[in-house]
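The values are calculated or read from the model by the stated rules, or taken from the named source; none is laboratory data. Note that the structure is a prediction, hence the values are computed from the model and not measured. Here the Cβ positions follow ideal geometry from the backbone for every residue, glycine too, while neighbour counts run over all protein chains shown. Areas reflect the complete protein model, heavy atoms only, side chains present, ligands, DNA and RNA absent. Shrake-Rupley method; radii C 1.70, N 1.55, O 1.52, S 1.80 Å.
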Amino acid sequence: MQPVSHLLLPILLCLACSLTSVHASPPQKKTYIVQMDRSLKPNSFLHHHQWYTSAVSSVTSSDHIGAEDRIIYNYETVFHGFAARLTDAEADMLDTHHGVVAMYPETVYHLHTTRSADFLRLVPAMVNNVWSAATAAGHGDVIIGVLDTGIWPWNPSFDDTGLGPVPSRWRGVCSPGPGFAVSDCNRKVIGARFFYSGYGASVGPDARHLTPRDEDGHGTHTASTAAGAPAANASLFGYAAGTARGMAPGARVAAYKVCWSQGCFSSDILSAVDAAVYDGVDVLSISLGGGAESYARDSLAVAAFRAAELGVFITCSAGNGGPTAASLMNAAPWIATIGASTIDREFPAFVRLGDGRTFTGASLYKGRRGLSPGKQYPLVYITDKRGNQTLGSFCMQMTIDPHLVAGKIVICDRGISPRVEKGATVRAAGGAGMVLANTDLNGEELVADSHLLPSVAVGYAEGNAIKNYFRTARNPTATLTFGGTKMGVRPSPVVAGFSSRGPSSLTLEILKPDMVAPGVNILAAWSGEASPTGLREDPRRVKFNILSGTSMSCPHVAGIAALLKARHPDWSPAAIKSALMTTAYVHDNTYRPIRDASTSNPTNYYALGAGHINPSKALDPGLVYDIGAEDYFNFLCTQDLMPEQIKVFVKPSSNWSCDHSLANPGDLNYPSISAVFSGNETSGQSLTLHRTVTNIGPAVSVYTVKASPFKGADVVVQPKKLQFTKTNQKLSYKVTFTSKSSHSSPEFGGLVWRDGVRRVRSPIVVTWLS
């Protein structure tokens, strides 16, 4: 028989391992954003931070880390509360604490990137006239806040020549950090701050990066797109050569760095919005997104609600999830949600096959490693033995055999990994060049990139033809050539295939996106710290770069909004958005309906929104659909939110209640109209939606209306004439839809109010839900 001690030893060892495991893995802390009702602060606390600290202490008393160290942010302007590091159990306890309105777990957002001023007809003389008149009237100092990756203020796009003193109302700062001094701000870049606490708490601190300095390039690009000063001789390796200038070159820029190498964290974003509104920005450009949360669970939407109430125009990118339906983000109606479109400039490149056929694509390649003129190179496409796609077909890292591709042009399918990374992978394996072929998801959309080796991007049809040639030719060969910059492209604009689509997954009665703006192959300023591809192995450095994404379209609208704000300082954010939407156009430069790059067919309002922005028309829209904070609140009362969820949008001092809720969410005074029929039997159903327009044109004006016909519904507008006798007068009308038959897909149309000079257009979508 074994001694008892020998029998107990394994048990004791196992118990010791279990205890060690328990001590080694304490409950994991996460960042939670905590919204508080500031009016409920007990009088025993001198200020709100004391109250917040006490609240955190009440659920973390057994922790050796003090409550002060747990709190990483206080929010005071557009949002009241704090962000703290808590375990799930602590968060559950805090959620029941007196004064807590809502708890938001940290969310990771991501940037939406993948000759625009000339294309928008923003001629320098017109823009200068706007700013000169605004400055003379004392309201020309419009400030655009940009939430992004920081800024590179040394770029010529941020030259402050000709600008006056920093506006006296400005309360922002320039935060110093490694490689960035307070003196690096000027009269153009008047503010630069960074927000790192949420990111650092989740990912780990790194003091090297605690600076507004843009190490990525994205933030510099978006800021200069919105408000860059004219910069002569701008180009990327000779492509798109000319003068680069932002939409509002007279506006000031305030940069708020919220995005880092592994994303943009919601606690940092919220702190930046809070700071920006306090600092005094007029416009916020936010080219990032993190999913379609419900309005009450989206901390950015909650903060934007309050910012809009305080008069700040907020524009956000719709996302790059297209052409998938219902893929858009940032869908709250008080946010301007922007899709992406092309301009009339492209960068043609050509694939010439061994059988003599030539296919046109796009490229920004300009390197020393060129292909020999006139020489044909072996062509290869990596598949399995049956010819099916593999990871090698997408030229993923570690999937390409150098012996297979050395000295050859490699066909790579678009998707899964970044486009430029595919080229770098082929280059590292010894390939001579790359043909980047769109999949059916991308269609015929062409996005140009500054690859590290000779590369041409081709559309889906061209890619299939090239692959078919590879499969059938005995010795397939190809060569690549590059055509530089081509202007006057027709048709344009075209909605980008990547641009996220509606309908809104939150509210079908709110048509999103709101509009589209240039977002494909946009030239703008770049950081001296980043390569044009963003790849570590790319040693090149440039002053300007060409990017695509709804990240690029968003700051276009921010800049135009700043122009409108300078011309009309009394306009509300909703009035500015209305002016942009009702003057947008829906036909391209061939006078045909704007097309969708993913299909080459005419697009619809779930991709186009109200249309493509038209700045010169937006300066004088005639009528606007205005919306106030209480109107948005009444809309929220229709959204099946619980009382505690509704409360997150209510100021403690207000007396708002859902007693005045809208009869239908489609009754929100939005510039677009979405009528939704529901039920098994919709034939004969009637739905009436209401709108109110404000006259901001000539005092005495008469507008008549015309609505497009629908196959599935009769549409009647009453009254058919609006007679205004003074400026700022409000008149209402109603639109009655009577369903004739149920349709499986929505119908698209519109109505237009005309006074003989101006056209005030609202897109209409009619949807049948069974």
(request) Report, by residue number, each residue of region 585-620 that is over 21 Å from F498 (Cα atoms) and in contact with a Gly (Cβ under 8 Å, 6 or more places away or on another chain). (result) D620
(message) So, T583, is that one in contact with an Asp or Glu (Cβ under 6 Å, 6 or more places away or on another chain), buried (at least 24 other Cβ atoms within 10 Å of the Cβ) and of a type outside the set (F, W, Y) or not?
(response) no
(request) Give the residues of region 237-253 that are among the hydrophobic types (A, V, I, L, M, F, W, C) and within 22 Å of the chain's Cα centre (by Cα), sorted by residue number. (result) A244, M247, A248, A251, V253
(message) Quick check on my filter: what residues within region 207-228 are open to solvent by less than 10 Å² (accessible area, probe 1.4 Å) and assigned to a loop (DSSP other than H, G, I, E, B)?
(response) T211, P212, D214, G217, G228
(request) Could you list, in sequence order, all residues of region 567-580 that are surrounded by fewer than 24 Cβ atoms within 10 Å (Cβ to Cβ) and not acidic (D, E)? (result) R567, H568, P569, W571, S572, A575
(message) Of the residues S762, S741, S745, S732, only one is of a type outside the set (A, V, I, L, M), over 21 Å from Y625 (Cβ atoms) and either assigned to a strand (DSSP E or B) or within 28 Å of the chain's Cα centre (by Cα) (or both); which?
(response) S745
(request) Please indicate, with yes or no, whether at least one residue in region 698-708 is among the aromatic types (F, W, Y), buried (at least 16 other Cβ atoms within 10 Å of the Cβ) and more than 33 Å from the chain's Cα centre (by Cα). (result) yes
(message) For region 425-449: of the residues being open to solvent by 10 Å² or more (accessible area, probe 1.4 Å) and more than 20 Å from Q389 (Cβ to Cβ), which is modelled with the lowest pLDDT?
(response) L446
(message) What's the number of the only condition in (1) surrounded by fewer than 23 Cβ atoms within 10 Å (Cβ to Cβ); (2) modelled with pLDDT of 95 or more; (3) acidic (D, E) that E509 fails to meet?
(response) (1)
(message) Criterion first (part of a strand (DSSP E or B) and open to solvent by less than 10 Å² (accessible area, probe 1.4 Å)) does A558 satisfy it?
(response) no
(message) Between a residue in region 533-545 that is farther than 9 Å from L452 by Cβ and any residue that is in a loop (DSSP other than H, G, I, E, B) and aromatic (F, W, Y), which pairs come within a Cβ distance under 6 Å, given they are 6 or more apart or on different chains?
(response) V542/W526; F544/W526; N545/W526
(request) Please specify each residue of region 359-396 satisfying the condition of being assigned to a strand (DSSP E or B) and either on the phi > 0 side of the Ramachandran plot or within 36 Å of the chain's Cα centre (by Cα) (or both). (result) F359, T360, G361, A362, Y381, T383, Q389
(request) Determine whether I314 is over 12 Å from G145 (Cα atoms), within 15 Å of the chain's Cα centre (by Cα) and either at pLDDT 95 or above or among the acidic types (D, E) (or both). (result) no
(message) Kindly evaluate F633 against the criterion of being in a strand (DSSP E or B), at negative phi and among the aromatic types (F, W, Y).
(response) no
(request) Within region 674-693, work out how many residues are under 34 Å from the mean Cα position of the chain (by Cα), open to solvent by 10 Å² or more (accessible area, probe 1.4 Å) and not small (G, A, S). (result) 5
(request) Give the residue, chosen from A424, A429, A406, A448, that is small (G, A, S) and within 30 Å of R595 (Cβ to Cβ). (result) A448
(message) Based on this model, can you work out whether G549 counts as among the small types (G, A, S), more than 26 Å from L751 (Cα to Cα) and surrounded by fewer than 24 Cβ atoms within 10 Å (Cβ to Cβ)?
(response) no
(request) State which residue is least open to solvent (accessible area, probe 1.4 Å) when the search covers only region 367-402 and only residues that are under 18 Å from V420 (Cβ atoms) and of a type in the set (A, V, I, L, M, F, W, C). (result) C395
(message) Checking I409 against (1) open to solvent by 10 Å² or more (accessible area, probe 1.4 Å); (2) closer than 13 Å to L480 by Cα; (3) touching a Pro at 6+ places or on another chain (Cβ under 8 Å): exactly one of these is not met. Which one?
(response) (1)
(request) Name the one entry in D159, D148, D141 that is under 23 Å from the mean Cα position of the chain (by Cα) and either on the phi > 0 side of the Ramachandran plot or among the acidic types (D, E) (or both). (result) D148
(request) Within region 651-658, identify whether any single residue is assigned to a helix (DSSP H, G or I) and crowded, with 23+ Cβ neighbours inside 10 Å, and answer yes or no. (result) no
(message) So A607 passes all but one of these: (1) under 22 Å from A362 (Cβ atoms); (2) open to solvent by 20 Å² or more (accessible area, probe 1.4 Å); (3) at pLDDT 95 or above; (4) among the small types (G, A, S). Which condition number does it fail?
(response) (2)
